[in-house]
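Inspection log for the structure reproduced underneath, given as structure tokens.
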Amino acid sequence: MSGKKLVAGNWKMNGTGADLPEVEAIARAAAAHSSVESALCLPATLLDRAVRAAPGLAIGGQDVHGAPSGAHTGCISAAMLVDCGARLTLAGHSERREAQHESDADVRAKAEAAIAAGLVVIVCVGESASARDAGHAVATVTAQLDASLPRSDGAAGLLAVAYEPIWAIGTGKVPSVGDIGAMHAALRQRLVAAYGEAGETVRILYGGSVKPSNAVEIFAVAEVDGALVGGASLTAADFVPIIAAAVSGAG
Ligand code: PEP
């Protein structure tokens with residue numbers, strides 16, 4: 001990896017206008033920790049207001065449709081995200097892969113649509129507990145990555161990958177640092193296979209129960225270029241120490 005670590009929050013289906021002061025507090029802390037890139041992926045209903053309230057902070061969506069427009073009730077296009085000032089989006093979060101049955105091909109189309117609109121896209125991958133227990137974690141996740149990666153020209157420049165074991169999301173469980181390092185090294189190999197030298201520059205984030213108490217240890221792992229944070233991104237009190245931990249591990 002070259003460049004700054006990226007620490008992105010995912011508020012999921014949480015947050016209303018009453019929570020904008022948290023966004024503002026996170027933005028102030030992010031500005032004070034500028035050796036790290038910080039971002040918040042918010043519910044669509046908050047994007048425009050968050051961009052206005054915290055213009056210095058990168059605000060992103062949590063999903064994007066693969067098509068530019070059309071008969072897709074309830075969905076949001078890349079151009080719509082750009083229109084309300086978003087700079088990034090998630091694609092293929094495991095909660096969407098499971099609940100909305102999103103396939104790797106869907107995720108690739110979403111990532112390509114985001115990149116075509118100039119958005120940074122964080123493509124999420126991760127194994128189930130049963131795949132981990134069966135010893136298939138690396139094979140499962142690398143296959144998922146290969147099939148989900150955007151293939152558009154220059155894709156690597158706007159891409160980040162989040163390794164999020166499904167069994168670690170929202171559970172308080174975290175893989176060993178050895179398992180995180182082994183997975184990130186395998187993902188790096190696949191990124192280089194897909195993009196050549198540019199694959200070295202794609203940031204690989206770890207996600208799954210990152211907290212202030214474990215962030216320093218996780219950021220110290222080789223090839224961990226940042227974090228995707230769910231529950232602990234909802235308040236400045238929890239999220240800011242994670243950003244600060246990435247500063248210590250910056251470079
Ligand atoms: C997530 O949903 O992307 C996530 C990592 O959640 P949590 O940090 O709450 O485990």
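Every number in this text was worked out from the coordinates using simple rules, so none of it is lab data. Model, not experiment: these values are computed from the prediction. Cβ sites come from the backbone with ideal geometry, for glycine too, and all protein chains shown count toward neighbours.
At-a-glance table
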{"read-out": "Around residue 211: net Lys/Arg minus Asp/Glu count, Cβ-Cβ under 12 Å", "value": "-1"}
{"read-out": "For the chain: Kirkwood Rh in Å [reciprocal of mean 1/r, alpha carbons]", "value": "17.7"}
{"read-out": "Charge sum, other residues only, whose C-beta stays under 15 Å from residue 147's C-beta, Lys/Arg counted +1 and Asp/Glu -1", "value": "-1"}
{"read-out": "65, 72, 101 arranged by Cβ crowding within 10 Å, fewest neighbours leading", "value": "101, 72, 65"}
{"read-out": "Helix-only mean residue ellipticity at 222 nm for the chain, each DSSP H run of n ≥ 4 adding -39500 (n - 2.57), per residue, nearest 500", "value": "-12000 deg cm²/dmol"}
{"read-out": "Amide hydrogen neighbours beyond the local backbone of residue 230, cut-off 5 Å, H modeled", "value": "10, 208, 209, 210"}
{"read-out": "Estimated dipole of the chain in Debye, rounded to 20 [Cβ of Lys and Arg +1, of Asp and Glu -1, Cα centre]", "value": "260"}
{"read-out": "Where only C-alpha atoms are counted, convex hull volume of the stretch 51-191 per residue in Å³", "value": "130"}
{"read-out": "Loop-located trypsin sites (Lys or Arg not before Pro) in the stretch 164-236 whose Cβ has at most 16 other Cβ within 10 Å (DSSP)", "value": "173"}
{"read-out": "Viscosity 1.002 mPa s, temperature 20 °C, Stokes-Einstein D of the stretch 1-54 from Kirkwood C-alpha radius, µm²/s", "value": "182"}
{"read-out": "Descending principal axes extents, the stretch 150-251, alpha-carbon based, whole Å", "value": "39, 24, 22"}
{"read-out": "In order through the stretch 86-102: 3J(HN,Hα) via Karplus (6.51 cos²θ - 1.76 cosθ + 1.60), integer Hz, x for Gly, Pro", "value": "5, 10, 8, 8, 7, 9, x, 4, 4, 5, 7, 4, 7, 6, 9, 6, 6"}
{"read-out": "Neighbourhood charge, 11 Å Cβ-Cβ cut-off, centred on residue 42 and excluding it, Lys, Arg +1 and Asp, Glu -1", "value": "-1"}
{"read-out": "Cβ-based charge dipole, the chain, positive-most Cα from 29, 218, 6", "value": "29"}
{"read-out": "Paramagnetic reach from residue 103 in the stretch 127-148 [backbone N under 17 Å; point 7 Å along Cα→Cβ]", "value": "143-148"}
